[in-house]
Amino acid sequence: MERIVPLTHEIPPMKDLTADNITDNVVTINNQCSHARGKYIFERLVHHLHDFAREVRLSSEEWMLGIEFLTKVGQISDDLRHEMILLSDTLGLSILVDSIDHPRIDTVTEGTVLGPFHTHDAPDTNLGYTLHEDPDATRLFVLCTVKDTQGKPIANVQADVWEGDSHGFYDVQNPNRQDPDGRAVLHTDSQGMLFFNAIVPVPYPIPDDGPVGAMLRFLNRHPNRPGHIHFMLYKEGYDKLTTALYPRGDPFETSDPVFGVKESLIVDLGEVDDEIAANYDVKKGSALLKYDFVLATNEEAGAMREKKAMDAAKKLNRKMKLQNGLPIPDLD
């Protein structure tokens, strides 16, 4: 008995397990958890998983295929290839969670998926930086502002930006990658201005040589994302924004396999004029992307998040309360 883990509390007894009572038994055991939010999440997770299996009459063979699929998703993932994020994206879960955690507030810029190609090794550099040298690319000057909901510019916002090359490849897809390319970390100036040199983004297929690609083929779905540039904007006191901008007219604008395109994030490209060329030392006639980002404060985002949480609880006809801004059952 030396290897037996000692019990620290009384364990509720299991009942005679059947397909009808297994869910209640699992929930009872899990409800020993002392973390209220964690207990609630696992309670609902178990209920939904079990109800799914019952609803589709899941066979042992089908569930084993599912286990093997998830195992392969994990096995192919590493620090540069995030297949699990790709799975979440292609099932629409990533965009759903972002919409829940960062609800739309009036003029605040909408978020979208992080995607599987973000890294933490981008150079922290100056405004006007050129993301990458790409002789085959159409040059693009990106000129943005970052303001609060009152229209006031926000200085020193950290802007993590990244994009693929003119052939639709991100640097992490290069097996010989040694240094980051096509990405940078910038900071807005005192007027909330953000500007850098990029390339006109092109559509590209998400990685489809792994289990997620096999899933898309099984579902008769294409892997092609519309061209875009990623932005992650952060400053203490403000709700973190992860988003992307999509030039209008892309052939895959309405069928993005990761469901990331929103109308408010589709942009019309212009052209660099004499004034912009002189002010920012860029070539006249280059493609131009202009956009005004709006960030919510933590207080604004938190208030909206709590309102949406309680509205959802009412629709479910459940008595809930908030703990650290997140819903848990109100058992009082």
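The values are calculated or read from the model by the stated rules, or taken from the named source; none is laboratory data. Bear in mind that the values here come from a model prediction, so they are computed numbers and not experimental data. Positions of Cβ are backbone-derived with ideal geometry, glycine not excepted, and every protein chain shown enters the neighbour counts.
Kindly indicate whether Gly192 is surrounded by 19 or more Cβ atoms within 10 Å (Cβ to Cβ), of a type outside the set (A, V, I, L, M, F, W, C) and more than 16 Å from Ile229 (Cα to Cα). Yes, satisfied.
Contact map, segment 294-310: residues that are farther than 18 Å from Val146 by Cα paired with residues that are part of a helix (DSSP H, G or I), Cβ distance under 9 Å, separation 6+ or inter-chain. Pairs shown: Arg305/Ile100; Arg305/Asp101; Lys308/Ile100; Ala309/Ile100. Of the numbered criteria (1) in contact with a helix residue (DSSP H, G or I) (Cβ under 6 Å, 6 or more places away or on another chain); (2) buried (at least 17 other Cβ atoms within 10 Å of the Cβ); (3) within 28 Å of Asp239 (Cβ to Cβ), the one Met84 fails is (2). Answer with yes or no whether Leu114 is surrounded by 18 or more Cβ atoms within 10 Å (Cβ to Cβ), hydrophobic (A, V, I, L, M, F, W, C) and modelled with pLDDT under 95. For Leu114, the condition - surrounded by 18 or more Cβ atoms within 10 Å (Cβ to Cβ), hydrophobic (A, V, I, L, M, F, W, C) and modelled with pLDDT under 95 - is met. A residue that is of a type outside the set (D, E, K, R), over 18 Å from the mean Cα position of the chain (by Cα) and buried (at least 22 other Cβ atoms within 10 Å of the Cβ) cannot be found anywhere in segment 205-223.
Over 22 Å from the mean Cα position of the chain (by Cα), crowded, with 20+ Cβ neighbours inside 10 Å and assigned by TED's automatic domain parsing to the domain that holds Phe195: is that true of Leu140 in this structure? In short, yes. For segment 230-255, the set of residues classified as of a type in the set (Gly, Ala, Ser), closer than 18 Å to Tyr204 by Cβ, assigned to a loop (DSSP other than H, G, I, E, B) and in contact (Cβ under 8 Å) with a residue 24 or more places away in the chain consists of Ser255 only. Report whether or not His167 is loosely packed, with under 15 Cβ neighbours inside 10 Å, in the same structural domain as Asp268 (by TED's automatic domain parsing), modelled with pLDDT under 95 and under 18 Å from the mean Cα position of the chain (by Cα). Against the criterion (loosely packed, with under 15 Cβ neighbours inside 10 Å, in the same structural domain as Asp268 (by TED's automatic domain parsing), modelled with pLDDT under 95 and under 18 Å from the mean Cα position of the chain (by Cα)), His167 does not qualify. Remark: Ala312 matches the filter, which requires a residue to be of a type in the set (A, V, I, L, M), within 21 Å of Lys39 (Cα to Cα) and assigned to a helix (DSSP H, G or I). Only residues that are over 12 Å from Leu194 (Cβ atoms) and in contact (Cβ under 8 Å) with a residue 40 or more places away in the chain were counted across segment 118-133, and they come to 10. The residues of segment 1-40 that are basic (Lys, Arg) and at pLDDT 90 or above, listed by number, are Arg37, Lys39. If you go through segment 172-222 and pick out every residue that is among the acidic types (Asp, Glu) and under 28 Å from Tyr291 (Cα atoms), you end up with 2. For segment 277-291, indicate whether the set of residues that are on the phi < 0 side of the Ramachandran plot and within 17 Å of the chain's Cα centre (by Cα) is non-empty. Taking every residue of segment 277-291 in turn, none turns out to be on the phi < 0 side of the Ramachandran plot and within 17 Å of the chain's Cα centre (by Cα). Each residue in segment 256-308 was checked for being surrounded by 14 or more Cβ atoms within 10 Å (Cβ to Cβ) and part of a loop (DSSP other than H, G, I, E, B), and 12 of them qualify. Scan segment 98-116 and give yes if some residue there is among the aliphatic types (A, V, I, L, M), under 19 Å from the mean Cα position of the chain (by Cα) and closer than 22 Å to Phe196 by Cβ, otherwise no. Within segment 98-116 (the criterion being among the aliphatic types (A, V, I, L, M), under 19 Å from the mean Cα position of the chain (by Cα) and closer than 22 Å to Phe196 by Cβ), the answer is yes, since at least one residue qualifies. In segment 35-73, of all residues being part of a helix (DSSP H, G or I) and of a type in the set (S, T, N, Q), the one that is surrounded by the fewest Cβ atoms within 10 Å (Cβ to Cβ) corresponds to Ser60. Just to verify a result, which residue in segment 87-107, among those that are in a helix (DSSP H, G or I) and not aliphatic (A, V, I, L, M), is surrounded by the most Cβ atoms within 10 Å (Cβ to Cβ)? Residue satisfying both the conditions and the ranking: Asp89. Is at least one residue of segment 214-234 closer than 30 Å to Leu70 by Cα and touching a Lys or Arg at 6+ places or on another chain (Cβ under 6 Å)? No, because not a single residue in segment 214-234 is closer than 30 Å to Leu70 by Cα and touching a Lys or Arg at 6+ places or on another chain (Cβ under 6 Å).
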